[in-house]
Amino acid sequence: MAVLSLGLLGSLPAAAQDPTPQIANQKSPSDKDPLAELALSNDTLQLRYYDKKNSDDDSRFVGGAFLGEDRDIVLTAAKMYPVNLGQQFDVTFGPQLYAALLNEENQDVMAVSIGAELRWFFGSSHRFAVSGQAFYAPDILTFGAADNLVDLSARVEMQVSDRLMAFGGMRWFEFDLNDNTGTQTLQEEVFFGVRYRL
């Protein structure tokens, strides 16, 4: 009787004995996945989309849309390339194109900038980090109503879950106008936001 019972157990399908293959088919987050980001301040809204990393060189396309309280609209497109500085650092650099429709008539700006993003992780868990972005477009690469562009930001980040990150920081974003009226500041204030891994 015992031999018969063992024979019946041996004939059961493998899936009934080990349910793990069903779990293995579920998609897990990866650092190559696309990202969506929303940042809000008292006067501005910033959306960014980070495309899936290129399988050849780990570069990303980054598209953005900025809206200011005075109806300043700025669209951005960047191609960012990684620099390997170890597991505690995440560094990318590359060109970023700005197309700005400013609130005043005939004050449109097109600029080609070069910049970088640096992220420093606290500990091996990568749950907390400090990051900064810096982009600059010189006069020769800035067209329209401005002579140059400066876009700087710094923030603190916390990984809430595998897919969700929360952050807060400060941004300095301005154009140096070419009509001798000084600079036009699009953002100079604290912001908060979230990033979601798609």
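Yes/no per residue for (1) crowded, with 19+ Cβ neighbours inside 10 Å; (2) among the aromatic types (Phe, Trp, Tyr); (3) modelled with pLDDT under 95; (4) on the phi > 0 side of the Ramachandran plot:
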{"residue": "155", "(1), (2), (3), (4)": "yes, no, no, no"}
{"residue": "168", "(1), (2), (3), (4)": "no, no, no, no"}
{"residue": "173", "(1), (2), (3), (4)": "yes, yes, no, no"}
{"residue": "177", "(1), (2), (3), (4)": "yes, no, yes, no"}
{"residue": "198", "(1), (2), (3), (4)": "no, no, yes, no"}
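Look at the stretch 99-129 and say how many of its residues are closer than 20 Å to residue 79 by Cα and part of a loop (DSSP other than H, G, I, E, B).
Residues in the stretch 99-129 being closer than 20 Å to residue 79 by Cα and part of a loop (DSSP other than H, G, I, E, B): 0 in total.
Taking only pairs six or more apart or across chains, which ones have beta-carbon atoms under 7 Å, a first residue in the stretch 154-172 that is within 10 Å of residue 197 (Cβ to Cβ) and among the charged types (D, E, K, R), and a second residue that is loosely packed, with under 14 Cβ neighbours inside 10 Å and modelled with pLDDT under 95?
162/29; 163/29
Which residues, counting only those in the stretch 88-128, are of a type in the set (Gly, Ala, Ser) and out of contact with any Ser or Thr (no Cβ under 7 Å at 6 or more places or on another chain)?
94, 99, 100, 113, 115, 123, 124, 125 - these are the residues of the stretch 88-128 that are of a type in the set (Gly, Ala, Ser) and out of contact with any Ser or Thr (no Cβ under 7 Å at 6 or more places or on another chain).
The values are calculated or read from the model by the stated rules, or taken from the named source; none is laboratory data. Quick caveat, the model's predicted, so the values are computed rather than measured. Don't worry about glycine lacking a Cβ; one is built from the backbone with ideal geometry, like all the others, and counts go over all protein chains shown.
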